[in-house]
Amino acid sequence: MASSSQYRIKMVSILSDKELLRYQEVLKKRTSKKGKSKTTNQSVQSSPILEQEIVPESSIEKTGSNKVFMYLQLQNIINVPYADNKRLFISLRHNNTNYADEKELDENTRLSAFAIPIEQYNMDVANAFSDEPVAIILTVVSEEENDATEKTIAQGQIDLIHFFTNKRTVVSTEILLYPTSFEHIDLEMGTCKTVWHVYSLLPLMRYEDFNNMIFITIESIYNASSDIMDIAQSLGVSLSFRSKFPNEINEFDTTKICTFNYLDRGLIIDQDTTYRWASISMDESHNLGQSTDCSISLHKLFSDLLCTEGVDFNFDGISMAKEEALICNLLRRYILDEVLNNILEAVIVYDEQELIIEVYDRAQPDSILLRGTIDLSIFLYPDVNSCRFAVHLEPVKVTTFSNDKIPINPYHEEGKTTFGIVNICILQPITECQMTRDIFRKHLTPEEMKTCAPKTSATEIVPEKGKVDICEENYKHFDAQIRTLIDYIIRKEIQQIEDSKGFLCCQKNELTQKIMKLIACDFNTRVPTKNSTEFANLMTFVYKNLENRCFEILQKTQKPKTPLEAGLHIQNIASYMTIIKVLNEVGAEHLANIYKTKLEKLETAEFHVEGYKFLYNMEKQNFEEAREHLRKPLEHRFSFGDYHELVKIFLQLSDFESSTTVCPQIIRRSLTLASKNRTTFFHSFFNKKSY
């Protein structure tokens, strides 16, 4: 079999919709004749056609519930690893429902469809598929006599949760099968690619439909004792709701939510930051076929955490490059309908139960090593849908033993605080109304069901914007930033980048992102490119267009103010000066400083706030600050015209210790000079009772 050959899989004829409905009617009649003791599933088993053509007998669970089938038909597979004297098999596995089926992959034989039996109208079954995608596994078996072992060479996954609606669904999807180890990687061939036709002949849900999803992740456990670290791979973690009040027999009722059955000991900095599915990741083998679309950044590992109250975790004292932790990074995902959403909200609101996290040895699950509590009340705040919790894990005061009966010390040898990080994210806040969640569900795509991110702000669900509207918004954002830059440069009189390097460098990065958005929505649409040379030429076109646009914005910005605008600007400056004076007089200097900051923002090339501050310092007899203004270069100094020399003389005379007798004479002469020139320049601040 050549490595470049493609497996063309022809679809085996199965029952059509009309035939299936006909068989269902027959089965219903048989069931009614045989009585209520005979179940629908037993009738299905009595039909040889259904048993042989639709679903293998090994995968049928003998329960008394109606089942429909989800069909997965392999249509094409390429980049299959070359293997002489070896047989290839492709299998589907779903641990939560105990489904497993395997078919041999051969060019000369037809591959029939996989059929997964699914209990209809059942939220528990829907959650089983939400918590775990169906694993697609490619294995190879050697035909040599001395080597009959089966090896898994590639693995992928297909998420079926978006099929759980009250409508019949048909999808054709492409799934990549990633190598399970380095020995199966062929860089020349590339990743194995499969194409699947997925459909169900009947809807999986009846009327109700889920309208929310919750993602729960155990990230890592830090500062655990050496005894606990030594048994890392035999540990388990569970999340449960526990009553805060004892029952009749003085015990606390506990409802387990989920478990995470794999932890690995390793350096913090070396961990795989991509979350994996907890249901299909139960050993040390890591491959992309087990990964989710969710992850955490190492540089944000100890950021944005809601910590247990009153506990010092000392995050700064943790060295990621030197210290080890119990790495988990496993995720579980569940769906919520309106009933489950209301139950969850009621549990948090009434505060009669608490969410607890427990660490235990899987060999003795009743012997708890560490325990902590999580306060979920933050999810009752509007628009809060996500939170990462740093949970203090306290040793349980019960003697616990490992498999060899040696006591385990749960206390850290150096007295450090043991804690774990739990990430809980809900697609839509539980405080949202049902109508909002229902609208959200209608717009939810299969890709959006694979990840969950914190909401940045309250947003309404609106129809998707067209490309024209998006491009128009991008231009508005670009123009706004250019105006901000121009205003800042003029107001601060920036001559070169070094004058305000920090601010301008940040603006440069933001401006680059805005330009790239303009290229994507406009320029590269008008002038499509096929290679790097054409793209470089496009950059010249972009530069010329945006340079002219920036010049036009600059011209409009530099346009002189009208007399009315100038008057309003001066009035604003005068108003702030008046407020500052009043606040200083009443002793509210901290408020006066706030208004001084606002006053400085009114500085423009036409209106110098420094001049008004100088007059204020003269009035308050803050002569030293007034002198600082006169020491500035001429271009940064407010011009007082004919009175400049007079002000300098006044400040010089104020240095004399006998200024108490000199000042009144200077004041009188100054007022006389001011009256002769018909101005009130000094009158506003010399005519004070204190003189």
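The values are calculated or read from the model by the stated rules, or taken from the named source; none is laboratory data. Computed from a predicted structure; not experimentally measured. Every residue, glycine among them, receives a Cβ derived from its backbone with ideal geometry; neighbour counts consider all protein chains shown.
Computed values, structure above
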read-out	value
Of all residues in segment 450-461 being under 17 Å from Phe210 (Cβ atoms) and modelled with pLDDT of 70 or more, the one that is farthest from the chain's Cα centre (by Cα)	Lys450
Sole exception among (1) surrounded by 17 or more Cβ atoms within 10 Å (Cβ to Cβ); (2) part of a helix (DSSP H, G or I) for Val349, by number	(1)
Residue, farthest from Glu610 (Cα to Cα), within segment 462-491, restricted to residues that are surrounded by 13 or more Cβ atoms within 10 Å (Cβ to Cβ) and modelled with pLDDT under 80	Ile490
Cβ-Cβ under 7 Å pairs, at least 6 apart or on other chains, segment 363-384 side within 23 Å of Val347 (Cβ to Cβ), far side among the small types (Gly, Ala, Ser) and part of a strand (DSSP E or B)	Gly372/Gly420
Hits in segment 279-308 - residues which are at pLDDT 90 or above and closer than 21 Å to Leu235 by Cβ	Leu301, Thr308
Lone unmet requirement of (1) more than 22 Å from Asn223 (Cα to Cα); (2) at pLDDT below 90; (3) more than 22 Å from the chain's Cα centre (by Cα); (4) not polar (S, T, N, Q) for Glu354	(2)
Exclusive hit being touching a Gly at 6+ places or on another chain (Cβ under 8 Å) and crowded, with 16+ Cβ neighbours inside 10 Å, set Ser238, Ser220, Ser225	Ser220
Qualifying positions in segment 201-225 - part of a strand (DSSP E or B) and modelled with pLDDT of 90 or more	Met213, Ile214, Phe215, Ile216, Thr217, Ile218, Glu219, Ser220, Ile221, Tyr222
Pick from segment 366-382, criterion surrounded by fewer than 17 Cβ atoms within 10 Å (Cβ to Cβ) and touching a Ser or Thr at 6+ places or on another chain (Cβ under 7 Å), ranking: farthest from Ser220 (Cα to Cα)	Pro382
Qualifying position, being in the same structural domain as Ser279 (by TED's automatic domain parsing) and within 30 Å of Asp438 (Cβ to Cβ), among Ile228, Ile221, Ile216	Ile216
Selected residue (criterion: modelled with the lowest pLDDT) from residues of segment 397-449 that are surrounded by fewer than 11 Cβ atoms within 10 Å (Cβ to Cβ) and assigned to a helix (DSSP H, G or I)	Met435
Residue in segment 292-305 that is surrounded by 13 or more Cβ atoms within 10 Å (Cβ to Cβ), more than 25 Å from Met449 (Cα to Cα) and out of contact with any Pro (no Cβ under 6 Å at 6 or more places or on another chain) present	yes
Total residues in segment 270-291, condition among the hydrophobic types (A, V, I, L, M, F, W, C) and loosely packed, with under 13 Cβ neighbours inside 10 Å	0
Flag if Arg362 is under 22 Å from Thr255 (Cα atoms), surrounded by fewer than 20 Cβ atoms within 10 Å (Cβ to Cβ) and not hydroxyl-bearing (Ser, Thr, Tyr)	yes
Number of the condition not met by Ile494 [criteria: (1) in contact (Cβ under 8 Å) with a residue 12 or more places away in the chain; (2) surrounded by 15 or more Cβ atoms within 10 Å (Cβ to Cβ); (3) more than 26 Å from the chain's Cα centre (by Cα)]	(1)
Residue that is surrounded by the most Cβ atoms within 10 Å (Cβ to Cβ), among those in segment 66-81 that are in a strand (DSSP E or B) and of a type in the set (S, T, N, Q)	Gln73
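For every residue, the table says whether it meets (1) farther than 14 Å from Asn423 by Cβ; (2) in contact with an Asp or Glu (Cβ under 7 Å, 6 or more places away or on another chain).
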{"site": "Ser234", "(1), (2)": "yes, yes"}
{"site": "Asn247", "(1), (2)": "yes, yes"}
{"site": "Lys256", "(1), (2)": "yes, no"}
{"site": "Leu267", "(1), (2)": "yes, yes"}
{"site": "Leu298", "(1), (2)": "yes, no"}
{"site": "Leu305", "(1), (2)": "no, no"}
{"site": "Ser319", "(1), (2)": "yes, no"}
{"site": "Glu323", "(1), (2)": "yes, no"}
